[in-house]
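Visitor: Below is one structure. I have some questions about it.
The values are calculated or read from the model by the stated rules, or taken from the named source; none is laboratory data. The shown structure was predicted, so the numbers you read here are calculated from the model rather than taken from an experiment. Glycine also receives a Cβ, built like all others from the backbone with ideal geometry; neighbour counts cover every protein chain displayed. Side chains are part of the model used for accessible areas, which takes the heavy atoms of the whole protein and leaves out ligands, DNA and RNA. Shrake-Rupley method; radii C 1.70, N 1.55, O 1.52, S 1.80 Å.
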Amino acid sequence: MSVSEFHASAEAMAFIQSEHKCLVGEQWLAAADGRTLPVYNPATGERIATVPSADKAEVDMAVAAARQAFDDSTWSRITPVERQKLLWDFADLIDKNAKLLAEIESIDNGKSAVIAELVDIRVAVDFLRYMAGFATKIEGRTLDVSVPYMPGARFHGYTRREAVGVVGAIVAWNFPILLACWKLGPALATGCTVVLKPAEETPLTALKLAELALEAGYPPGVINVVTGVGHEAGAALSNHPDVDKLTFTGSTEVGKLIGKAVMDTMTRVTLELGGKSPTIVLEDADVQTAAQGAANAIFFNHGQVCCAGSRLYVHKKHFDNVVADISDIAAGMKLGSGLDPNTQMGPLVSTRQQERVCGYIQQGLESGARATTGGGATEGPGFFVQPTVLVDVDQNTRVAREEIFGPVLVAMPFDDMDEAVRIANDSQYGLGASIWSNNLSAVHRMVPQIQAGSIWVNCHSILDPALPFGGFKQSGLGREMGHEAIEHYTEVKSVLMNV
Ligand code: NAD
């Protein structure tokens, strides 16, 4: 069946084809200069919608609306229990609309609607509910202070955690709803207000989330959404002097630009950036389980995962078997429209991404690597790329060092644990790593040696709201999820009373 034979529900199509506007305060606005951005269906390459191409003028208005809402007593005096309930109600509405959101996400991004509903939206809802619980548990400490240079004086010291203020949130296109919720959850739980800028490739579900947020009862201005391109709307938000905290998910290249921009105003910043995460299969691993796990680690979401296991290091004893198994899995994957329930891998998000990924494969082949399966784009419409496994790869070539962000695995053998640790750490990135082994002491010896924010053992890319997630080295600054996220959305205030 061709990709064009799969259709979304009438409700999803009605939303996609409606006139899209940015949410600023309580108003839905087009860009003041009337500019729009096209939105494409990656499975067919067809233009399906347009959204406003917001620039500095709209970002200024959105930040002003967020500031006003932050200062306004409706939001600033809301109790923790009310904040908790609102966030829970918002999560309920997302849950209720899960099928619709999954279809819109699938058409906008290319991913499977079934997986979007089961994973992206399920995880987003669970995450918002987890964060809702924090609204009532934001605590300071009571401190017994000494002040030795004031003998005889008595003090009462305590700390408060207060909402950081207006949050600018800029996200990537690979998990549009989920990444937006990773920002909205802690911001709303702590009492911040938000200006969200979705990726230009996938703006639609952020606008649907904005609608649901108003329906949940958030006061106008607490959540604002501006659609636009990175170097205009994104740059305006990251340079804005009235934004108190910038939270960014995207490439390391853009993360560095944002990091420099925010230092001018000391805007608080967290950066969730790129990765080139290793999957390490040790000598005593269960080889079949490890091969299936390594295939999932790279091919889930078409390899467009920041912590994808894109470098595979296998003990030399098992290398050929593991590579053969993964290559068979890759060759057997069904590519197709995200709306086809049988699809195992959809198209990449854009023609630009398809060209970028195919360019990397080509470079790898030219630098001496060999594809055991895959090797380029598929024939026909849509932005599809074959799942590809490269062997005979030199660790110093671009395919082994740079983030490809597509379904391309580079596989290399190693001789012993020391070599595995050395090559796994031989990267500017440090987002995640997985170790596949049944030798408990080997795993325990390896975990502290691997430079990565998340280590998975006999699994990969498994995330939970309670587990902090973020990068070592150039994979980012700060952590999302868990208790750590709350710290990044609050300031600590010390209070000392002379009693
Ligand atoms: P990108 O950096 O090109 O874009 C991300 C966002 O930044 C988009 O909204 C874009 O419009 C905006 N942007 C672009 N230029 C900007 C500028 N000059 N100023 C301000 N904003 C700007 O990344 P991408 O291609 O959309 O996403 C892929 C990248 O995201 C990969 O590197 C991936 O690893 C990373 N990512 C990281 C995580 C994580 O949690 N660590 C999660 C998902 C994706």
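Visitor: Quick check on my filter: what residues within segment 404-431 are outside any strand (DSSP E or B), open to solvent by less than 10 Å² (accessible area, probe 1.4 Å) and more than 16 Å from the ligand (Cβ to nearest atom)?
Guide: Scanning segment 404-431 gives A420, A424.
Visitor: Separate question: Taking only segment 237-250 into account, find how many residues are near the ligand (Cβ under 10 Å from one of its atoms), surrounded by 23 or more Cβ atoms within 10 Å (Cβ to Cβ) and under 22 Å from Q68 (Cβ atoms).
Guide: So the answer is 3.
Visitor: Quick one: which of P387, P381 is crowded, with 21+ Cβ neighbours inside 10 Å and either within 25 Å of G338 (Cβ to Cβ) or in contact with a His (Cβ under 7 Å, 6 or more places away or on another chain) (or both)?
Guide: Answer to the check: P387.
Visitor: Output the residues belonging to segment 350-378 that are aliphatic (A, V, I, L, M) and open to solvent by less than 30 Å² (accessible area, probe 1.4 Å).
Guide: The answer is V357, I361, A369.
Visitor: Of the residues W173, W182, only one is in a helix (DSSP H, G or I), within 12 Å of the ligand (Cβ to nearest atom) and open to solvent by 10 Å² or more (accessible area, probe 1.4 Å); which?
Guide: Of the residues listed, the single one that is in a helix (DSSP H, G or I), within 12 Å of the ligand (Cβ to nearest atom) and open to solvent by 10 Å² or more (accessible area, probe 1.4 Å) is W182.
Visitor: Then there's this: Yes or no: I435 under 18 Å from V281 (Cα atoms), open to solvent by less than 50 Å² (accessible area, probe 1.4 Å) and of a type in the set (A, V, I, L, M, F, W, C)?
Guide: So I435 fits the description; yes.
Visitor: Kindly provide the set of residues from segment 320-349 that are within 24 Å of the chain's Cα centre (by Cα) and open to solvent by less than 60 Å² (accessible area, probe 1.4 Å), ordered by number.
Guide: Result: L335, G336, S337, G338, L339, T343, M345, G346, P347, L348, V349.
Visitor: Out of everything in segment 251-271 that is more than 14 Å from G168 (Cα to Cα) and near the ligand (Cβ under 9 Å from one of its atoms), what residue ends up being most open to solvent (accessible area, probe 1.4 Å)?
Guide: E253
Visitor: I'm checking my understanding of the structure. Among residues of segment 390-403 that are within 16 Å of the ligand (Cβ to nearest atom) and open to solvent by 20 Å² or more (accessible area, probe 1.4 Å), which one is nearest to the chain's Cα centre (by Cα)?
Guide: By that ranking, first place goes to E403.
Visitor: Just need a number here: residues in segment 31-87 that are among the small types (G, A, S), closer than 26 Å to L237 by Cα and under 26 Å from the mean Cα position of the chain (by Cα).
Guide: The qualifying residues number 6.
Visitor: Select from segment 89-111 the residues that are of a type in the set (K, R) and either free of Cβ contacts under 8 Å to residues at least 12 places away in the same chain or not in a helix (DSSP H, G or I) (or both) and write down the one among them that is farthest from F384 (Cα to Cα).
Guide: Checking each candidate, the answer is K96.
Visitor: Among the listed residues L86, L118, identify the single one that is in contact (Cβ under 8 Å) with a residue 40 or more places away in the chain and assigned to a helix (DSSP H, G or I).
Guide: That would be L86, the only listed residue that is in contact (Cβ under 8 Å) with a residue 40 or more places away in the chain and assigned to a helix (DSSP H, G or I).
Visitor: Name the single residue that is nearest to L128 (Cα to Cα) among those in segment 186-217 being out of contact with any strand residue (DSSP E or B) (no Cβ under 9 Å at 6 or more places or on another chain) and open to solvent by less than 10 Å² (accessible area, probe 1.4 Å).
Guide: Residue satisfying both the conditions and the ranking: A189.
Visitor: Of all residues in segment 227-236, which are more than 7 Å from the ligand (Cβ to nearest atom) and either open to solvent by 20 Å² or more (accessible area, probe 1.4 Å) or closer than 18 Å to W182 by Cβ (or both)?
Guide: E232 - this is the single residue of segment 227-236 that is more than 7 Å from the ligand (Cβ to nearest atom) and either open to solvent by 20 Å² or more (accessible area, probe 1.4 Å) or closer than 18 Å to W182 by Cβ (or both).
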